[in-house]
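Please read the structure below before turning to the comments.
No lab work stands behind these numbers, since they all come straight from the coordinates. Fair warning: this is a prediction, and the values are worked out from it, not measured in the lab. We place every Cβ from the backbone using ideal geometry, glycine too, and count neighbours over all the protein chains shown.
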Amino acid sequence: MDPNYHSPAAIFGRFRRTLLTDDQPFADILLARSNERLPEIQAEFEGDLMEYEMFLLAGLLANMQLIEKLKEKIRVLSEKIG
């Protein structure tokens, strides 16, 4: 068995392959955003969460932040329009 089989990257790779082709680019974006945030979460929760859980939390946090920024832009544009 591959020693990296249970690493977050390997788990994510297997997960990505099971997705519909149209969903795979979004999985890639999640991976990239997760990797940006992962060091912050690892530093805080090391030992309390499994690596893969930290990876998923990092991606979700990055996406939530982006959603909030987009909501704010929509609000500002809506005010300008009406």
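Brief remarks on what is shown
- Restricting attention to the stretch 19-36, the residues that are among the hydrophobic types (A, V, I, L, M, F, W, C) and in contact (Cβ under 8 Å) with a residue 12 or more places away in the chain total 3.
- For the stretch 32-51, the count of residues that are surrounded by 10 or more Cβ atoms within 10 Å (Cβ to Cβ), among the aliphatic types (A, V, I, L, M) and touching a Phe, Trp or Tyr at 6+ places or on another chain (Cβ under 9 Å) is at least one.
- Only one of the listed residues (Leu66, Leu77, Leu20) is more than 13 Å from the chain's Cα centre (by Cα) and farther than 26 Å from His6 by Cβ. That residue is Leu77.
- Qualifying residue in the stretch 58-80 (condition: touching a residue at least 12 places away in the same chain (Cβ under 8 Å) and either loosely packed, with under 12 Cβ neighbours inside 10 Å or among the acidic types (Asp, Glu) (or both)): no
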